[in-house]
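S.K.: A single structure is presented below for examination.
The values are calculated or read from the model by the stated rules, or taken from the named source; none is laboratory data. All of these numbers come straight from a predicted model, not from anything done at the bench. Methodologically, a virtual Cβ is constructed for each residue, glycine included, from the backbone with ideal geometry; neighbour enumeration extends over all protein chains shown.
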Number of protein chains: 2
Amino acid sequence: MAGLKIALAQLNFTIGDFESNTAKMADVIFQAKQDKVDLVVFSELSVCGYMPDDLLDYPYFIEKCEHALEAIARACEGIAAIVGGVVRNPNKGRKLQNVACVMYNGRIQHTVAKTLLPTYDVFNESRYFQPETTSQIIEYKGVKIGIAICEDLWDVYNDFEYLVSPGQALKDLGAELIINPAASPFNLGKQSLRNRVFGGQASRFDLPVLYVNQVGTHTELMFDGSSRAINGNGEVVLQAPSFEENVSYASFENGKFAMGNSVPLDTDDTAQLYKSLVFGIGDYFNKMGFKQAILGSSGGIDSAVVQALASAALGAENVHPVLMPSMFSSDHSVSDAELLSKNLGNDTITIPIKNIYDTYLEALQPVFQGKPFNLAEENLQARSRAVLLMAISNKLGYILLNTSNKSELSVGYSTLYGDLCGALSPLGDVYKNQVYALARYINRNKEIIPNHIINKAPSAELRPGQKDADSLPDYDVLDELLKHYIEEHKGVDELITMGYDQTTVHKVVDLVNGSEYKRYQAPPILRVSTKAFGKGRIMPLVANYSSK
Amino acid sequence: MAGLKIALAQLNFTIGDFESNTAKMADVIFQAKQDKVDLVVFSELSVCGYMPDDLLDYPYFIEKCEHALEAIARACEGIAAIVGGVVRNPNKGRKLQNVACVMYNGRIQHTVAKTLLPTYDVFNESRYFQPETTSQIIEYKGVKIGIAICEDLWDVYNDFEYLVSPGQALKDLGAELIINPAASPFNLGKQSLRNRVFGGQASRFDLPVLYVNQVGTHTELMFDGSSRAINGNGEVVLQAPSFEENVSYASFENGKFAMGNSVPLDTDDTAQLYKSLVFGIGDYFNKMGFKQAILGSSGGIDSAVVQALASAALGAENVHPVLMPSMFSSDHSVSDAELLSKNLGNDTITIPIKNIYDTYLEALQPVFQGKPFNLAEENLQARSRAVLLMAISNKLGYILLNTSNKSELSVGYSTLYGDLCGALSPLGDVYKNQVYALARYINRNKEIIPNHIINKAPSAELRPGQKDADSLPDYDVLDELLKHYIEEHKGVDELITMGYDQTTVHKVVDLVNGSEYKRYQAPPILRVSTKAFGKGRIMPLVANYSSK
């Protein structure tokens, strides 16, 4: 049997930026050629970045995609590459196909299209592509290669089973190696799931599998790379790092990969969460051309964790906490927030909101007169703060970070156009208890987030003596319930059968259902769970499905 | 040949409200039985309403769907009905199917599943359903009926052609009549398109077609009913009204429909637009349990038209315009707004924002000092107004209507968390020139919107002497360009080739691309075009595809 030196090129692409994406790939191909590599494998849709969404509706965009593929092919002299892109479907059906092109001798020699088009959660590929129905083997330097694009190797790992198995088809055609160019977004648990999937498929077909994933923040989705080579016995012999660009070389000989360089995967959930969010904020800002962040610093745990994450991602000097105490703020709110900023090295701005709040109440007096203090006055404080933050954002070019967590977003305990504002929500897919875990992780070597922030009872401080626990179940119970309802799709009856208090279940489910309208206008949320709010969870607003 | 008396039941369902939906259908079946009807046809997914989106991920929801179908079947004694719903797929593949159940003798006798699953624009059915691959004919009272669910009759009317034609399959199996239970959302031009599609298919197969569509506002989508019966020569012999519940009876004998009652379709675009938006606002409020609306009344054309639409939908006494003049407001802004409210019969609230704006500037002085007036101060005014509107909304339970139009939403000429706020955007899919046409239509019998509002040059009035025309091309040019770019997917090069000025094209396209982040957090928009902002247009935020 023949042998191949293969490069796993996990790069950070920018959607639609054909120029920089192709330049990056050309650089890798050039270097790989120096290093006597036979074949460079790039990730899925590498020329355009995954996923361009409705940019695919624009014919000019597809032409650029096709031209970029041809341009890279011209660089493939004396070396081969597998490059992902979108091409026009020459046959009847949907107009496009999601393909991997095999290039050598200066041109595209083979084009393999994707068979299984993920169309669930954050994936939407049936919206654009015609699925492939046949399979092909590509023989290169004596090795029979089968290409299965991303989902094509996930035929039995969803909550439904696809009708066909592209991997089995490749095995049946005599493949000696399966290559899987992918765009597989990160979430907690995904790295070990991938070991089960790729290890499982390698063992099932008794074939080595090579998986190459992209890196980068693409709006709500974070891609972690973590590319790997796995032998037919299911053993991982090469493991690329997560959340960074990397080109690793794997030696394939006699039907298997030799042991390569491996970076151990993070096994601790909180460490992974921290790493992904810091990466997510940094790459989002970088790709959007943003440099400086602003946020409201309340002295509470959520804003403290966002401030620490942003400082790690952008540099302490680029993070600008604004303290906006009201008449309902406790003394420790300000002192805790000040100590946090001192520990992190952020310069603070302090603007009390009392005068603004009073001026609003005066202006609203003809409408409000005689009516008791209620939600209106609470929201007025949150919205006054948002207006201040956005004014500074507009004046100084700082980008507002949202500080909501998933627990409060779920039950609607946040003010639309108030603390729900922001260009990006780093914690919108992080439950309250995970926020506490992140705080402890941030403090693992020394006290950065003041312990008092971690230990005090959470409060929105929008009325005297308010505490979260007054109107919500304990976060231990709430977070569990939310996970069952949102991520596991349990209904009310099931939740009660599982042993949760009936009144609590109804209350929580009704709150989640009743606050869809707020989430409809929420900022983009970095996705770290299997079911985040945002593009992966589509809910009707006009409906009546309350918990009965 | 045998004959059938068929009821076309176009009803307004609420998503997830199985109780009220089944009760409505039972009432129609009861009455139809009195009237010696043989078969009642309801629209697609009638038991749950179209479209429940990710509620379909909840097993309890599917069980309720199946139970509701069985409950209606029990009412079908001495009469037959075709009822839409979701059932579990008994075979491999996606877990669900979108079906029409044929019921008589008290039970479900036949279940027909949908073959073509629309997955483009606002449709997302491949996300949930396994497509049917076989066809069946149902013989009832001697008539061979073929059921083609909604998209199943649209095999050749998209910008791509499906691989199979369910209508042709039914013809080949000997169908004498094709019944099309549908959930076909309204947009301008859709009513005549449907005549081309159904007339075209009836003629193609030389078979009569009976089409039944639901009615109602389902978040962004408005369904207009407009059900019809068409003979094999393509002639429409029965036409149900648009935007209202209706049960019409059609007589099918000797292979064709007898002439029935027909309501002429609206042919004027502006009249249709007006009717749809008034219906859309009214049904949205009704289903959400809202009664009263609030909006900012600037004396400009957009808020004037929203105010008139809302008054028509909700009653003048339930619409509460708030006048919030600033130091930059012209005198006529207030007088025009007051006259408009007088003409419509709305009570106004007036709250000048000068004190609030000044208090903000004072608080922001340490940050703003020495820096020139810019966008920050402009947005501050828009956001101060939004906070006032939301405060009144929270205090009095009025629901905020957004007043942005599609032209300004496209180019980002609106303030996020300012005039972009609202629970619903009636004009977010209506270009500026269409807003003017609506104003003239509203004034068709008498001057309701003061002519001065229609005739003055549009201005945001956020700085002295500001006019829209200072920074944007004329709306005649802008609206055309936007339509080509957004709805027809023309690229920059194509637009320039079409004759548009190069600088203008680049400017407009860059503005559209650069304001995706604002639209990400915009309110739900009532869809009236073939490509509205919202669920039917999915764009990446983190990307670089500017107009080069």
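S.K.: Being β-branched (Val, Ile, Thr), buried (at least 18 other Cβ atoms within 10 Å of the Cβ), assigned to a helix (DSSP H, G or I) and facing chain A (nearest Cβ under 10 Å) is the requirement here; does residue B:453 meet it?
M.R.: no
S.K.: Still on this structure, I have one more. From the residues in the stretch A:316-351 that are within 14 Å of another protein chain (Cβ to nearest Cβ) and in contact (Cβ under 8 Å) with a residue 60 or more places away in the chain, which one is farthest from residue A:292 (Cα to Cα)?
M.R.: Looking at the filtered set, the residue picked out is A:326.
S.K.: Being more than 7 Å from chain B (Cβ to nearest Cβ), out of contact with any Lys or Arg (no Cβ under 9 Å at 6 or more places or on another chain) and not small (Gly, Ala, Ser) is the filter here, so list the residues in the stretch A:363-380 that pass it.
M.R.: A:365, A:366, A:369, A:372, listed by residue number.
S.K.: Mind listing whichever residues of the stretch B:469-479 are out of contact with any Leu (no Cβ under 9 Å at 6 or more places or on another chain) and not aliphatic (A, V, I, L, M)?
M.R.: Those that are out of contact with any Leu (no Cβ under 9 Å at 6 or more places or on another chain) and not aliphatic (A, V, I, L, M): B:470, B:471, B:474, B:475, B:476, B:479.
S.K.: Quickly run through the stretch B:18-38 and pick out the residues that are over 23 Å from the mean Cα position of the chain (by Cα), within 14 Å of chain A (Cβ to nearest Cβ) and crowded, with 19+ Cβ neighbours inside 10 Å.
M.R.: Across the stretch B:18-38, the qualifying residue is only B:22.
S.K.: Let me ask you something else. Determine whether residue A:482 is in contact with a Leu (Cβ under 7 Å, 6 or more places away or on another chain), part of a helix (DSSP H, G or I) and crowded, with 19+ Cβ neighbours inside 10 Å.
M.R.: no
S.K.: Sticking with this structure for a sec: Need pairs with beta-carbon distance below 8 Å; first residue away from chain A (no Cβ under 14 Å) and without any contact (Cβ under 8 Å) to a residue 24 or more places away in the chain and within the stretch B:1-17, second crowded, with 20+ Cβ neighbours inside 10 Å and of a type outside the set (Ser, Thr, Tyr); sequence gap 6+ or separate chains.
M.R.: Close Cβ pairs satisfying both conditions: none exist.
S.K.: Residue under question is residue B:294, and the condition is that it be within 14 Å of another protein chain (Cβ to nearest Cβ), over 30 Å from residue B:179 (Cα atoms) and part of a helix (DSSP H, G or I); does it hold?
M.R.: Values: within 14 Å of another protein chain (Cβ to nearest Cβ): yes; over 30 Å from residue B:179 (Cα atoms): yes; part of a helix (DSSP H, G or I): no.
Taking the combined requirement at face value, the residue does not satisfy it.
S.K.: Here's a follow-up. Spot the failing condition for residue A:97; the list is (1) farther than 14 Å from residue A:214 by Cα; (2) away from chain B (no Cβ under 13 Å); (3) part of a strand (DSSP E or B), and only one is missed.
M.R.: Of everything listed in (1) farther than 14 Å from residue A:214 by Cα; (2) away from chain B (no Cβ under 13 Å); (3) part of a strand (DSSP E or B), residue A:97 misses just condition (2).
S.K.: Go through the stretch A:352-415 and tell me which helices (runs of 4 or more DSSP H), entirely inside it, have 3 or more residues that are without any contact (Cβ under 8 Å) to a residue 12 or more places away in the chain.
M.R.: A:354-368, A:375-396
S.K.: What is the number of the single condition among (1) more than 10 Å from chain B (Cβ to nearest Cβ); (2) surrounded by fewer than 18 Cβ atoms within 10 Å (Cβ to Cβ) that residue A:538 does not meet?
M.R.: The failed condition is (1).
S.K.: Select, from A:37, A:99, A:122, the only residue that is under 30 Å from residue A:158 (Cα atoms), among the hydrophobic types (A, V, I, L, M, F, W, C), in contact with a Lys or Arg (Cβ under 6 Å, 6 or more places away or on another chain) and modelled with pLDDT of 95 or more.
M.R.: Only one candidate qualifies: A:122.
S.K.: Answer yes or no: is there a residue in the stretch A:454-472 that is of a type outside the set (Lys, Arg), touching an Asp or Glu at 6+ places or on another chain (Cβ under 8 Å) and at pLDDT 95 or above.
M.R.: no
S.K.: Another question, then. I'd like to know if the stretch A:300-315 contains one or more residues that are within 14 Å of chain B (Cβ to nearest Cβ), crowded, with 21+ Cβ neighbours inside 10 Å, acidic (Asp, Glu) and touching a residue at least 12 places away in the same chain (Cβ under 8 Å).
M.R.: Checking the stretch A:300-315: not a single residue is within 14 Å of chain B (Cβ to nearest Cβ), crowded, with 21+ Cβ neighbours inside 10 Å, acidic (Asp, Glu) and touching a residue at least 12 places away in the same chain (Cβ under 8 Å).
S.K.: If a residue has to be more than 26 Å from residue A:528 (Cβ to Cβ) and within 14 Å of chain B (Cβ to nearest Cβ) to count, how many in the stretch A:135-163 make the cut?
M.R.: 3
S.K.: Take the conditions in a loop (DSSP other than H, G, I, E, B) and over 29 Å from the mean Cα position of the chain (by Cα) and apply them to residue B:119. Does it pass?
M.R.: For residue B:119, the condition - in a loop (DSSP other than H, G, I, E, B) and over 29 Å from the mean Cα position of the chain (by Cα) - is not met.
S.K.: Working only within the stretch A:217-241, note down all residues that are crowded, with 24+ Cβ neighbours inside 10 Å and in a loop (DSSP other than H, G, I, E, B).
M.R.: Listed by number, the residues that qualify are A:219, A:220, A:226, A:227, A:240.
S.K.: Could you please give the count of residues in the stretch B:487-517 that are of a type in the set (Phe, Trp, Tyr) and within 13 Å of chain A (Cβ to nearest Cβ)? First the steps, then the outcome.
M.R.: Let us first name the residues in the stretch B:487-517 that are of a type in the set (Phe, Trp, Tyr), namely B:500, B:517.
Then keep just the ones that are within 13 Å of chain A (Cβ to nearest Cβ); that gives B:517.
Counting residues in the stretch B:487-517 that are of a type in the set (Phe, Trp, Tyr) and within 13 Å of chain A (Cβ to nearest Cβ) gives 1.
S.K.: Which of the residues spanning the stretch B:381-435 are closer than 21 Å to residue B:471 by Cα, within 11 Å of chain A (Cβ to nearest Cβ) and hydrophobic (A, V, I, L, M, F, W, C)? Reasoning before the result, please.
M.R.: Going through the stretch B:381-435, the residues closer than 21 Å to residue B:471 by Cα turn out to be B:381-382, B:403-416, B:418-420, B:428, B:430-435.
Still in the list and also within 11 Å of chain A (Cβ to nearest Cβ): B:381-382, B:415-416, B:418, B:420.
Answer for the stretch B:381-435, where residues must be closer than 21 Å to residue B:471 by Cα, within 11 Å of chain A (Cβ to nearest Cβ) and hydrophobic (A, V, I, L, M, F, W, C): B:382, B:416, B:420.
S.K.: Give the residues of the stretch A:48-66 that are within 7 Å of chain B (Cβ to nearest Cβ) and on the phi > 0 side of the Ramachandran plot, sorted by residue number.
M.R.: Of everything in the stretch A:48-66, just one residue is within 7 Å of chain B (Cβ to nearest Cβ) and on the phi > 0 side of the Ramachandran plot, namely A:53.
S.K.: What's the number of the only condition in (1) within 14 Å of another protein chain (Cβ to nearest Cβ); (2) under 30 Å from residue B:525 (Cβ atoms); (3) polar (S, T, N, Q) that residue A:529 fails to meet?
M.R.: Of the numbered conditions (1) within 14 Å of another protein chain (Cβ to nearest Cβ); (2) under 30 Å from residue B:525 (Cβ atoms); (3) polar (S, T, N, Q), the odd one out for residue A:529 is (1).
S.K.: Determine which member of the set A:220, A:253 is at negative phi, touching a Lys or Arg at 6+ places or on another chain (Cβ under 7 Å) and acidic (Asp, Glu).
M.R.: So the residue among A:220, A:253 that is at negative phi, touching a Lys or Arg at 6+ places or on another chain (Cβ under 7 Å) and acidic (Asp, Glu) is A:220.
S.K.: Next question, about the same structure. On the given criteria, is residue B:109 within 30 Å of residue B:253 (Cα to Cα), buried (at least 23 other Cβ atoms within 10 Å of the Cβ) and at pLDDT 95 or above? Before the answer, list the steps.
M.R.: Working: within 30 Å of residue B:253 (Cα to Cα): yes; buried (at least 23 other Cβ atoms within 10 Å of the Cβ): no; at pLDDT 95 or above: yes.
No, not satisfied.
S.K.: Of everything in the stretch B:329-376, what is over 29 Å from residue B:301 (Cβ atoms) and either surrounded by 19 or more Cβ atoms within 10 Å (Cβ to Cβ) or not assigned by TED's automatic domain parsing to the domain that holds residue B:455 (or both)? Give them in sequence order.
M.R.: If the condition is that a residue be over 29 Å from residue B:301 (Cβ atoms) and either surrounded by 19 or more Cβ atoms within 10 Å (Cβ to Cβ) or not assigned by TED's automatic domain parsing to the domain that holds residue B:455 (or both), then B:359, B:363, B:364, B:368 are the ones that fit.
S.K.: Residue under question is residue B:139, and the condition is that it be in a loop (DSSP other than H, G, I, E, B), over 23 Å from residue B:16 (Cα atoms) and either touching a Phe, Trp or Tyr at 6+ places or on another chain (Cβ under 9 Å) or acidic (Asp, Glu) (or both); does it hold?
M.R.: Details: in a loop (DSSP other than H, G, I, E, B): no; over 23 Å from residue B:16 (Cα atoms): yes; either touching a Phe, Trp or Tyr at 6+ places or on another chain (Cβ under 9 Å) or acidic (Asp, Glu) (or both): yes.
Answer is no for this residue.
S.K.: Taking the stretch B:70-89, which residues are more than 11 Å from residue B:102 (Cβ to Cβ) and part of a helix (DSSP H, G or I)?
M.R.: B:70, B:71, B:72, B:74, B:75
S.K.: Examine the stretch B:269-279 for a residue that is of a type in the set (A, V, I, L, M, F, W, C), in contact with a strand residue (DSSP E or B) (Cβ under 8 Å, 6 or more places away or on another chain) and within 14 Å of another protein chain (Cβ to nearest Cβ), and state whether such a residue exists. Quick ask: steps written out before the conclusion?
M.R.: In the first step, residues of the stretch B:269-279 are kept if they are of a type in the set (A, V, I, L, M, F, W, C); the result is B:271, B:273, B:277-279.
Remaining after also requiring in contact with a strand residue (DSSP E or B) (Cβ under 8 Å, 6 or more places away or on another chain): B:279.
Remaining after also requiring within 14 Å of another protein chain (Cβ to nearest Cβ): B:279.
Yes; the residues of the stretch B:269-279 include at least one that is of a type in the set (A, V, I, L, M, F, W, C), in contact with a strand residue (DSSP E or B) (Cβ under 8 Å, 6 or more places away or on another chain) and within 14 Å of another protein chain (Cβ to nearest Cβ).
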